[in-house]
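Have a look at the structure below before the remarks.
The values are calculated or read from the model by the stated rules, or taken from the named source; none is laboratory data. Model, not experiment: these values are computed from the prediction. Glycine gets a Cβ as well: all are built from the backbone with ideal geometry, and neighbour counts include every protein chain shown.
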Amino acid sequence: MPLSTTVRRQVTQPRKIVLLSASIGLFFFLLFVVIMLTVTSNRRSAAHDRLASYTQRYVANVFGDLNTTLQPLQSATEQSCELIRNDLTQRSAFASNVRAILLVKDHSAFCSSATGPMQLDISKISPFTDVRNTKDIRLISGTPMVRGQPAIVLWLKNPTHPDSGIFTTLNINLTPYLLLASREQQISGMAMVAGDSAITTWNTQVINSSLLPKQPLRSITIPGYPLTLNMYGETLPRRDITVILLAGLLMGVMITCGCFLMFTLRLRPGKEILLGIKRGEFHVEYQPVIEAHNGKPCGFEALLRWTHPIEGSIPPDSFISYAEGQNLIAPLTRHLFTLVAQDAQQLCKVVPAGARLGINLSPNHLVDPSFRQDVLDWLEMMPAGHFEYIFEITERAMVSDHNADAIFDWIRNQNIRIAIDDFGTGHSALIYLEKFQFDYLKIDRGFVQSIGMETVNSPVLDTVLTLAKKLHLNTVAEGVETAEQALWLINRGVSHLQGYLFSRPLAVPQLINFYLEQFPAGSACTPGNNMSVKSGKNL
Ligand code: C2E
Ligand code: CA
Ligand code: CA
């Protein structure tokens, strides 16, 4: 699709740019949010696993130490309370969080570290403790001495006397576990569960475990003890989700704005051509022009080529008229001059001196204030005295500018010849032949292609050639594709031929080969005055 169409279509639909930019922004927003939620959730989950493992080790250590303290007392269940009482009190004092240690014989507590000798069925203190278990843990709402304050009841059965053992009441203190958990802000609470009872960080009383929230974050069991610790909270707390959403939104908005700016700037009319010049997307191809009397090349016409990175090769017919419409023909022709001057440094080594070099000029550039200086700069860059220059100008230049003869005079004063290009396609063409002085007349390929066919063009072409002969004008027939056309034109006195029959437009290396085949001896160049001018400098 021609660039002008692409550009115009895009520019006339800014809503499309907005939509496209917003879609890209939305895509990155979603991508960011999904990635960040997954990463955060995985990190939190790993932290929870670590915390659960620490907590389990901590609690297992507490109970392990307690076991070490209490087990030596098992033999004392066979002794009298008076004998063992002091030892019992001492051990109770040095074990942390112990409220009382009770020695049990035949289901009955007979000695307390706190009160000494006693006689109380242990079902009265902890109705659910099962003395058949080797170890049993229950939660109770209070002890006879400290009522109203929940406690843990630990039962250690005497391995040698089944109905005897050690019954210990412990203060419930979840603080150490909470301290561990406080490192993870998203842990909102913990619960200790034994049998059907539970004590939590959010309630001071023992509650039924069925009242606990469903699905804790982690459930920690303590090996060897019928006790579970539950951690509650969220893997992905709302605060994290909010932060991720806000960051994603900010990024999405920034990307949307960035895309919008980039698209509008990139597609701004004309920007493409200037960018193309800067990025070196243009090059020149040269189509040989053949002398009719000997069939040898006598020069070539420079034809600009644009290889756009997205659109591919864009035909000059569309980008030249587009550049004219955008007022960019002057910078584009300046770039053409620079490219031609660079190519000429190589070409002059194989192309014989005096070769004709045709340059197409747009009427808009002729009237540009920079035109004359542009031409002088170009002449300075070219190898001195090697080429004969021809400016190809269409009839359009003569119609649109009343000052055309002054410009033509100036051109000829620079020793540059003028060809009237695409002759016959405009209006009143014959009038201009009389009015202005030209060196060459280029017959449009539309006429050439009608040769051999009985169309209205044939008599017109006859008339034009007769007139050109009378005016002593050189004639160049464009678009010669068949030998029949060439023969017909030569018979009618056409002096030069150009077309696919002889050669297509060629890039510099191919043109060099073309010339080497024709003139193997090569040539010599005289350098120009100013070849330091780099591509794009004259923008
Ligand atoms: P033009 O000045 O008439 O250039 C001749 C065009 O005819 C070229 O097309 C050439 O490739 C093509 N041609 C040559 N021999 C044959 C043939 O045997 N058969 C057919 N079918 N075509 C042939 P191209 O290169 O596509 O250029 C198209 C037009 O774009 C040119 O027409 C010229 O008006 C313009 N143009 C090209 N380069 C420049 C430039 O550097 N500056 C300006 N202002 N215009 C340029
Ligand atoms: Ca031309
Ligand atoms: Ca032409």
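Observations, loosely collected:
- Residue selected from region 433-467 under the condition buried (at least 17 other Cβ atoms within 10 Å of the Cβ), more than 15 Å from ligand 3 (Cβ to nearest atom) and assigned to a helix (DSSP H, G or I), by the criterion modelled with the lowest pLDDT: Asn457
- In region 342-380, residue surrounded by the most Cβ atoms within 10 Å (Cβ to Cβ) [restricted to those that are under 30 Å from Pro520 (Cβ atoms) and among the small types (Gly, Ala, Ser)]: Gly358
- Residue count for region 90-117, restricted to those that are of a type outside the set (S, T, N, Q) and free of Cβ contacts under 8 Å to residues at least 24 places away in the same chain: 2
- Of Ile359, Ile393, all but one fail to be among the β-branched types (Val, Ile, Thr), touching a Pro at 6+ places or on another chain (Cβ under 9 Å), under 18 Å from Ile418 (Cα atoms) and within 16 Å of ligand 2 (Cβ to nearest atom); the exception is Ile393.
- If the condition is being charged (D, E, K, R) and in contact with a strand residue (DSSP E or B) (Cβ under 9 Å, 6 or more places away or on another chain), then region 354-393 contributes Arg356, Glu388, Glu392.
- Meets criteria (more than 16 Å from Ile137 (Cβ to Cβ) and at pLDDT 85 or above) for Leu212: yes
- Qualifying residue in region 491-502 (condition: over 16 Å from Ala292 (Cβ atoms) and within 16 Å of ligand 2 (Cβ to nearest atom)): yes
- Counting the residues of region 433-484 that are away from ligand 1 (no atom under 16 Å from the Cβ) and among the aromatic types (Phe, Trp, Tyr) gives 1.
- Considered as a group, the residues in region 381-408 that are modelled with pLDDT of 95 or more and aromatic (Phe, Trp, Tyr) include one that is surrounded by the most Cβ atoms within 10 Å (Cβ to Cβ), and that residue is Phe391.
- Screening region 308-342 for residues that are touching a strand residue (DSSP E or B) at 6+ places or on another chain (Cβ under 7 Å) and under 23 Å from Gly479 (Cα atoms) and picking the one that is nearest to ligand 2 (Cβ to nearest atom) gives Pro316.
- Scanning region 283-307 for residues that are of a type outside the set (Ser, Thr, Tyr) and either within 16 Å of ligand 2 (Cβ to nearest atom) or in contact with a Gly (Cβ under 8 Å, 6 or more places away or on another chain) (or both) yields a total of 15.
- Residues of region 154-168 that are among the β-branched types (Val, Ile, Thr) and modelled with pLDDT under 90: Thr160 alone.
- Top-ranked residue of region 491-539 - restricted to ones that are under 39 Å from the mean Cα position of the chain (by Cα) and modelled with pLDDT under 95, ranked as surrounded by the most Cβ atoms within 10 Å (Cβ to Cβ): Asn538
- Among the conditions (1) within 16 Å of ligand 3 (Cβ to nearest atom); (2) among the small types (Gly, Ala, Ser); (3) under 43 Å from the mean Cα position of the chain (by Cα), Ser313 misses just one, which is (1).
- Residues of region 410-432 that are modelled with pLDDT under 85, assigned to a loop (DSSP other than H, G, I, E, B) and within 16 Å of ligand 1 (Cβ to nearest atom): Gly424, Thr425, Gly426.
Residue-by-condition table, conditions (1) farther than 30 Å from Phe28 by Cβ; (2) modelled with pLDDT under 90; (3) over 45 Å from the mean Cα position of the chain (by Cα):
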residue	(1), (2), (3)
Thr201	yes, yes, yes
Val206	yes, yes, yes
Gly233	yes, yes, no
Arg238	no, yes, no
Val243	no, no, no
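- Filtered residues of region 299-341 (kept if touching a residue at least 60 places away in the same chain (Cβ under 8 Å), surrounded by 19 or more Cβ atoms within 10 Å (Cβ to Cβ) and within 30 Å of Ala486 (Cα to Cα)): Gly299, Phe300, Glu301, Ile314
- Screening Thr38, Thr69 for residues that are among the polar types (S, T, N, Q), touching a helix residue (DSSP H, G or I) at 6+ places or on another chain (Cβ under 7 Å), on the phi < 0 side of the Ramachandran plot and in a helix (DSSP H, G or I) leaves exactly one candidate, Thr69.
- Output for region 24-76, where each listed residue is surrounded by 12 or more Cβ atoms within 10 Å (Cβ to Cβ), out of contact with any Cys (no Cβ under 9 Å at 6 or more places or on another chain), farther than 27 Å from Leu236 by Cα and free of Cβ contacts under 8 Å to residues at least 60 places away in the same chain: Val62, Gly64, Asp65, Thr69, Ser75
- Test: residue in region 343-350 that is within 19 Å of Leu274 (Cβ to Cβ), β-branched (Val, Ile, Thr) and more than 16 Å from ligand 2 (Cβ to nearest atom): no
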